[in-house]
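These notes concern the structure reproduced below.
Derivation of every value follows stated rules applied to the coordinates shown; laboratory data play no part. Quick caveat: nothing in here was measured; it's all calculated off a predicted structure. Cβ placement follows ideal geometry from the backbone for every residue including glycine, while neighbour counts extend to all protein chains displayed.
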Amino acid sequence: MKLYDSIELAARNLRESVLRNSLTTLGISVGVASLVAMLSLGIGLQQLASRRLQRSGLFDSIVVTSRRNLRSFDREQEQNGPAPAESPDLNEAARLKIANVSGVVEVYPDLRFITEVRYEDKPHLTMVAGLPFSSKDGDSFEGMQGKFFSSSDAHEVIIQKSFAAELLGKTIRGADEINVAEVAKPLLGKEVVMRYSERESSGQDSASFSVISHEMPLTIVGVTDLDPDSMRGSARARVFVPQTLIESMRPMQAYDTRASGGVSSDQPIYSNVVARVSGAGKVDAVEQAIKKLGFNTFSILDATKSMRRFFAILDLFLGIFGSLALTVASIGIINTLVMAILERRREIGIMKAVGASDSDVRGLFFAEAGAMGLLGGVCGTILGWIIGRVINFGTNVYLKRQGFPPEHIWSVPAWLVAGAVGFAFVVSLLSGLYPASRAARLDPVQALRYE
Amino acid sequence: MGSATIRAVDGITLQIAAGEFVALLGASGSGKSSLLNLLAGLDSPSSGSVIVEGQSLAGLSREQLAKYRRHTVGMVFQSFNLIPSMSVLENVELPLRFAEVERTRRAAMASSALERVGLSGRLHHRPIELSGGEQQRVAMARALINQPHILLADEPTGNLDSRTGTEVMELIRHLNESLKMTVVLVTHERDLAEKYANRLIFLADGKMVADQANTTTTIAGAKS
């Protein structure tokens, strides 16, 4: 029998006992709906988490460190590749080499130091870091009050809102509770004085240098809501100055004393540089290329690997719970079809008597199981989507009451829709396996004797 | 359940020539329907063989047996065995589906088959809306749709009154005579067998007790 005929006959049979078949299909729908609901919750949470990370603006950055600097992020990197002593210095030449790796947009040294910043003659200790002009377009300045630096060497400063609160003498309970507009208002346009130590080589002997103390007045131009330096963990800065300015200051770095023992010239050696990549998708390839140059690398993608593993496990478990409902539904299909065989014994006998082969009968039952699965899959996906919308809505009502902005914790990607429908179809066909072969083996003489 | 073997058909040796009209006679339980099922390829003998058109049915696969039932034999039953959920036309079309005949040709073939049995006006009725005689004629149309060489009829008039029974039997005779179709008729009515068949085979307890040519000439118009 041709496939089309099987489907047509199957559709007719499904219509014949419409109540029972709809209930079975409903069972599949509920199973698929719970699967879709569980998985899209998992995916939604995952997307929420990665959106948060993406907003940090560091998804396209790679931190490059010298192997000489044993403070590595990754034990594995220390064990492979050239020995620390043979690896190249992270100096201006290395910076150019890294800049030439395809996909790298810019390379800037990561300059940061802990220093004293005075505001209204009160000293505050904080980490100061350079900020390249290109990060102006980054998402991490979303919600910033004021504006970005006017030029790459302007005597201007952008501060993080928690530092702004500190300058104003406010007690900080948690970064989330600080209203950025509130703390920015009295500070924008005001002047702070930053103290720093300049490292100066002493001419003939490159291994020694002197340190000169300076003070520099800077104007507060912006207060950030987010944490642009969040990747640094405990070393993250709360005060930012333009990158060109900080480079020209030649500030004393924490590692300078350690590096002084080596064969260094008067050009600076950086503890680490940041390579910005044209897109997050290229990070992996660029990281590999930089590793080949003999440096250690770290990117946020490495950090998200463990997060992705967590979500993979979460999705797996949510999927298993969702599948349980589908398993119950597939038992429903088996039951319905076995009942249908008993009910249609005679009909199967007649079909065999007029020339239906075993495979014709089998195909007919398969088509019925598949049709129920397909229909159940489609209805279930719609149902799951609706359930998800309701949960999302409920969550946002709750979040609003608690004073949080609404979040999108729900996501039904196209692959999930296709996958759920396909999965329901395959599970139904598997459920139809036993009833179909039982129907195909039915003895026509026995079946026709039934009166 | 007892495990005693019941021999429904036991030691029957029988040869039916093409174009013959054979009646299998016997009381109920004599094995005549079992013999018909063996000829139809619905059942297979535990020993011995059934050879149709030079081919042993025992040597055929299940798939080939289905093909044999589809193209070589047509069956008519006492209880008509139409599928109640299908219309008259769809019932007749059913064997064409299994024979994978093009959809476009099926309806035309089925309606012309129904025309031949005199049922052209009721194509879209359900079997239950038809009289017994009409239902049996639908079953005849279905049996003949794939142009089989052999018609196997199992008590075709058993559920019909005498007038409609005669109509159906006349139709069978017409097929036998005009199309040279081999007919094997199972019945317990001796009168009917003598009226239409040209060979009578008597069965009792699964064994053949008599095999004789029909010499009865008393019924008018029985023989042309």
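List of remarks:
- FRET efficiency, 1/(1 + (r/R0)^6) with R0 56 Å, evaluated for A:GLU215 and A:MET307 via beta carbons: 0.85
- All C-alpha pair distances within the stretch B:117-206, sorted into 10 Å bins from zero, spread as 15, 49, 30, 6, 1 percent across the bins.
- Mean residue ellipticity, 222 nm, helices only, the protein assembly as shown: the sum of -39500 (n - 2.57) across DSSP H runs of n ≥ 4, divided by residue count and rounded to 500, is -15000 deg cm²/dmol.
- Across every pair of non-identical alpha carbons in the stretch A:292-338, the mean reciprocal distance, once inverted, gives a Kirkwood radius of 14.1 Å.
- Relative contact order of chain B, defined on C-alpha pairs under 8 angstrom at six or more residues apart (%): 33 percent
- Sequence-ordered 3J(HN,Hα) estimates for the stretch A:393-410 from the Karplus curve with 6.51, -1.76 and 1.60 and θ = phi - 60° stand at 4, x, 4, 5, 4, 5, 4, 5, 4, 7, x, 9, x, x, 10, 9, 9, 10 Hz, glycine and proline given as x.
- The stretch A:336-434: C-alpha gyration tensor shape, a/c 1.5 cut-off, then a/b vs b/c: prolate
- Cα centroid separation, the stretch B:15-61 to the stretch A:286-352: 54 Å.
- With q set to 0.14, 0.16, 0.17 Å⁻¹, the log10 of I(q)/I(0) for chain B, from the Debye formula over equal scatterers at the Cα positions, is -0.89, -1.15, -1.27.
- FRET efficiency, 1/(1 + (r/R0)^6) with R0 41 Å, evaluated for B:VAL209 and A:ARG15 via beta carbons: 0.20
- Taking packing as the residue-averaged number of other Cβ atoms within 10 angstrom, the listed peptides A:326-337, B:58-69, B:198-209 run from highest to lowest as A:326-337, B:198-209, B:58-69.
- Mean separation of Cα contacts under 8 Å (6+ apart) over length of the stretch B:15-121, as relative contact order %: 13 percent
- Pairwise inverse Cα distances across the protein assembly as shown, averaged and inverted, put the Kirkwood hydrodynamic radius at 33.1 Å.
- Checking every one of the GluC sites (Glu not before Pro) in the stretch A:99-162 against DSSP loop status and a limit of 13 other Cβ atoms within 10 Å picks out A:GLU120, A:GLU142.
- Gyration tensor verdict on the stretch B:1-107 (Cα atoms; rounded if a/c is under 1.5, prolate if a/b is larger than b/c, oblate otherwise): prolate
- For the pair the stretch B:100-156 and the stretch A:390-421, the centres of their Cα atoms are 59 angstrom apart.
- Integer Hz, Karplus 6.51/-1.76/1.60 couplings in order for the stretch B:103-112, x for Gly and Pro: 3, 5, 7, 4, 4, 5, 4, 5, 6, 6
- Across peptide B:93-99, the average count of Cβ atoms from other chains found within 10 Å of a residue's Cβ is 6.
- Label zone at A:VAL426 (point 7 Å along Cα-to-Cβ), backbone N below 18 Å, the stretch A:318-340: A:318-331
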